[in-house]
1. Kindly provide the set of residues from the stretch 256-282 that are assigned to a helix (DSSP H, G or I) and surrounded by fewer than 20 Cβ atoms within 10 Å (Cβ to Cβ), ordered by number.
2. Which one of the conditions (1) aliphatic (A, V, I, L, M); (2) part of a loop (DSSP other than H, G, I, E, B); (3) buried (at least 16 other Cβ atoms within 10 Å of the Cβ) does I345 fail to meet, given that it meets all the rest?
3. I'd like the full set of residues that are open to solvent by 10 Å² or more (accessible area, probe 1.4 Å) and under 15 Å from the mean Cα position of the chain (by Cα), limited to the stretch 101-116.
4. Residue under question is A196, and the condition is that it be modelled with pLDDT under 95 and either part of a loop (DSSP other than H, G, I, E, B) or surrounded by 19 or more Cβ atoms within 10 Å (Cβ to Cβ) (or both); does it hold?
5. Can you find, within the stretch 83-93, the residue that is farthest from the ligand (Cβ to nearest atom) among those that are at pLDDT 95 or above and either in contact with a Phe, Trp or Tyr (Cβ under 7 Å, 6 or more places away or on another chain) or open to solvent by 20 Å² or more (accessible area, probe 1.4 Å) (or both)?
6. If you take the residues in the stretch 142-162 that are surrounded by fewer than 22 Cβ atoms within 10 Å (Cβ to Cβ) and within 16 Å of the ligand (Cβ to nearest atom), which one is farthest from the chain's Cα centre (by Cα)?
7. Hey, can you tell me all the residues within the stretch 124-139 that are open to solvent by 10 Å² or more (accessible area, probe 1.4 Å) and within 16 Å of the ligand (Cβ to nearest atom)?
8. For V66, which of the numbered conditions (1) in contact with a helix residue (DSSP H, G or I) (Cβ under 9 Å, 6 or more places away or on another chain); (2) part of a helix (DSSP H, G or I); (3) open to solvent by less than 30 Å² (accessible area, probe 1.4 Å); (4) within 16 Å of the ligand (Cβ to nearest atom) fails to hold?
Amino acid sequence: METGTLNAIKIQKSPKSRISEVDFDHLGFGREFTDHMLVARYTNGTWETPEILPYGQISIYPASSVLHYGQAIFEGMKAHRLQNGGLALFRPDKNFARFNMSAKRMSMPEVPEHVFMEGLKELIKLDANWAPDKEGCSLYIRPVLFGNDSFIGVRTSESYVFFIILCPVGSYYAEPVSVLAMEQYSRAEVGGVGHAKTAGNYAKTLLPVEEAKKKGFKDAMWLGGEGHKYIQEIGTMNVFFVMDGKLYTPEIDGTFLEGVTRESVIQIARDLGHEVVEKKLSIDEVIDFAKKGLLQEAFGTGTAATVHHISRIGYQDFDFSLQPEKHFIGNKIKEELEAIKTNSIPDRHGWLVKI
Ligand code: COI
């Protein structure tokens with residue numbers, strides 16, 4: 001990993017803050033952006049010193065490689081207001097490592113740690129007053145890297161743009177989510193890019209999710225592997241099932257994102273004394289547990305969604321309703337995770353990086 005120090009970041013401040021236009025009581029997710037953004041360009045094998053600029057448009061040519069071949073990656077991270085004042089990032093080292101893993105898989109240059117981390121911290125310091133202090137709200141961080149050659153041949157790009165934007169956010173989903181396990185669509189297979197946070201992984205889910213919606217579900221559950229039977233993830237989240245008192249989640253196999261929240265939830269569940277089983281998990285196995293009355297809870301995990309309950313699972317003729325109000329294990333884990341993020345309880349695993 002390249003380290004180093006940053007030349008002074010050039011900062012061009014926004015002439016007027018937009019913060020007074022934002023309704024912090026009804027934030028939703030992903031609609032409001034803070035006053036500034038960080039931008040760093042890569043050309044001729046070198047990263048230029050990043051700049052902090054007023055949030056605004058980034059102009060690219062119609063021939064820009066990202067528009068044609070989708071060479072783009074991103075991350076989702078959060079900063080939280082702490083119980084006793086101040087702000088902290090949650091496990092930013094994990095997102096940084098995954099960002100550069102995604103970059104490598106998509107044949108892009110790694111972003112140096114000092115550009116990513118020091119740039120991010122400077123940006124957050126400048127827009128710190130945008131971090132919401134309401135329970136369940138946070139400052140969502142979206143780092144992005146895209147290929148920006150003005151060239152229409154298919155090849156690894158030579159020039160790139162890296163940027164970070166910040167959004168004050170509330171909940172990603174308004175209510176517990178119903179999911180339809182997709183029979184005829186797949187999101188990823190072994191050897192592909194399912195584990196990388198690349199833009200196309202999300203574009204390809206849009207049509208299947210629209211079809212799930214037409215059938216009365218809110219989101220999709222992705223299946224893959226032999227016989228197209230093995231659960232990968234749901235919507236934009238990793239997935240957990242509580243079955244016969246144990247937590248089950250699909251084992252990492254390179255077809256889905258190795259979630260930072262997933263890993264944190266496994267740790268917290270074990271801290272709370274629960275058994276967590278990471279295994280190749282087929283939809284048939286979950287249905288068997290459900291038929292025996294042993295599917296007790298299901299929830300998704302992700303940075304945007306945190307820990308989010310599943311209310312219903314559909315697959316072919318199987319249609320099973322859960323009772324999110326009785327998801328005691330998922331709720332306890334969610335509470336514990338939120339308490340750690342806001343430092344309302346001790347940060348026993350050293351997950352917070354204070355700004
Ligand atoms: C996240 O959970 O941060 C994500 O990136 C998922 C989604 C909003 C695309």
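1. Those that are assigned to a helix (DSSP H, G or I) and surrounded by fewer than 20 Cβ atoms within 10 Å (Cβ to Cβ): E263, Q267, R270, D271.
2. Every listed condition holds for I345 apart from (3).
3. As a first pass, look at the stretch 101-116 and keep what is open to solvent by 10 Å² or more (accessible area, probe 1.4 Å): 101, 104-110, 113-114.
Scanning the stretch 101-116 gives a single hit, M101.
4. On the way: modelled with pLDDT under 95: no; either part of a loop (DSSP other than H, G, I, E, B) or surrounded by 19 or more Cβ atoms within 10 Å (Cβ to Cβ) (or both): yes.
Considered against the rule, which asks whether it is modelled with pLDDT under 95 and either part of a loop (DSSP other than H, G, I, E, B) or surrounded by 19 or more Cβ atoms within 10 Å (Cβ to Cβ) (or both), A196 comes out as no.
5. Quick first cut of the stretch 83-93, residues at pLDDT 95 or above only: 87-93.
Still in the running and either in contact with a Phe, Trp or Tyr (Cβ under 7 Å, 6 or more places away or on another chain) or open to solvent by 20 Å² or more (accessible area, probe 1.4 Å) (or both): 90-91, 93.
On the way: F90: 11, R91: 12, D93: 16 Å.
Here the residue is D93.
6. Step by step, filter the stretch 142-162, then rank; the result is V144.
7. Result: G136, C137.
8. Exception for V66: condition (4).
The values are calculated or read from the model by the stated rules, or taken from the named source; none is laboratory data. Note that the coordinates shown come from a computational prediction; the quantities given were computed from them, not determined experimentally. Here the Cβ is made from the backbone with ideal geometry for all residues, glycine too, and neighbour counts use every protein chain on show. The protein model used for the area step is the full one, side chains on, heavy atoms only, and it has no ligands, DNA or RNA in it. Shrake-Rupley method; radii C 1.70, N 1.55, O 1.52, S 1.80 Å.
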